[in-house]
Number of protein chains: 2
Amino acid sequence: MKSVLFAATAVLFGISSANADVTLINAFEVPEGQRDATIDAWEQARAFLSQQPGYIDTALHGALAPDARFELVNIARWESPAAFQTAIAAMQEAGVFRPPEGVFANPALYTVIASD
Amino acid sequence: MKSVLFAATAVLFGISSANADVTLINAFEVPEGQRDATIDAWEQARAFLSQQPGYIDTALHGALAPDARFELVNIARWESPAAFQTAIAAMQEAGVFRPPEGVFANPALYTVIASD
């Protein structure tokens, strides 16, 4: 019962427990010449996903070295795995995100297991 | 001149500009049964690197799904690429970090190119 009350309170007041959050890390393999198109596609996805329940924030990282294996890495936080999966299913149904030709994504959910 | 003064001030007072920071993202491919050994090796590296100039912080992320391509992902912040490279060279010379058999690391430096 306590956890139900906490969940309801958290939803009402936008509180999210640091322990419950999950981190999406998505490392993109980007063929030469497709960087800008990938960033554009990511912006489309972000515009949709940021409106979904459970979204916290996101940051797209660009590699300093042009020959990095993963030229772009997205790091986003969600309130729970279920919230992320529901949002992704909604995005797929809406057909919002179309990765450019040859771009390969490696999305997975993580929790922090050790930090300062 | 202003930027030189700012840089000197930043060094003296430990201020780091969000724009100047770089993010290390290191996605580890971990063979079955090597997860704990990889975490141990990472802790050894962290103990050394956290004492080096320019270190800001680090967080090791563990995948929720056991079949994730990258079971562990380290995300660390450094004050500059030079600080990171100097620290890594020092660590290699000290022989502190020995990745377990079969573990493959993908370290690269990034800056945030788009965020909320």
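The values are calculated or read from the model by the stated rules, or taken from the named source; none is laboratory data. Keep in mind it's a predicted model, so treat the numbers as computed, not measured. Ideal geometry is used to build each Cβ from the backbone, glycine not excepted, and the neighbour counts take in all protein chains shown. SASA here: full protein model, heavy atoms, side chains in, ligands and nucleic acids out. Shrake-Rupley method; radii C 1.70, N 1.55, O 1.52, S 1.80 Å.
How shielded is B:104-116 by partner chains, expressed as the average number of their Cβ atoms within 10 Å of its Cβ atoms? Numbers along the way, then the final one.
On the way: counts 0, 0, 4, 2, 11, 5, 13, 4, 5, 9, 11, 9, 8.
Mean shielding by partner chains, rounded to a whole number: 6.
Using a basic spin-label model with each label point 7 Å from the Cα along Cα→Cβ, how many nm lie between residue A:44 and residue B:85?
3.7
Dividing the convex hull volume of the Cα atoms of region B:11-110 by its residue count, what figure in Å³ per residue is obtained? Kindly include the intermediate steps, with their values, before the conclusion.
Details: hull volume 9.9 nm³, N = 100.
For region B:11-110, the hull spanned by Cα atoms encloses 99 Å³ per residue.
Chains B and A: buried accessible surface, both sides, probe 1.4 Å, rounded to 100 Å²?
Numbers: alone 7940 and 7950 Å², together 13200 Å².
Approximately 2700 Å², summed over both chains.
I'd like the carbon and sulfur percentage of the solvent accessible area for region B:26-116, probe radius 1.4 Å, heavy atoms only, ligands and nucleic acids excluded. Kindly include the intermediate steps, with their values, before the conclusion.
Values: 2410 of 4710 Å².
Roughly 51 percent, rounded to a whole number.
Please report Rg (one decimal) and Dmax (integer) in Å for the Cα set of region B:54-116.
In order Rg, Dmax, the Cα atoms of region B:54-116 give 13.9, 40 Å.
So, in nm, how far is label residue B:56 from label residue B:21 when the simple model puts each one 7 Å beyond its Cα toward the Cβ?
Modelled inter-label distance: 0.3 nm.
Which of the peptides B:66-75, B:104-113 is most tightly packed, and how do the rest follow, judged by the mean count of other Cβ atoms within 10 Å per residue? If you can, show how the numbers build up before the last one.
Working: B:66-75: 18.2, B:104-113: 16.4.
Most protected by this proxy first, the peptides run B:66-75, B:104-113.
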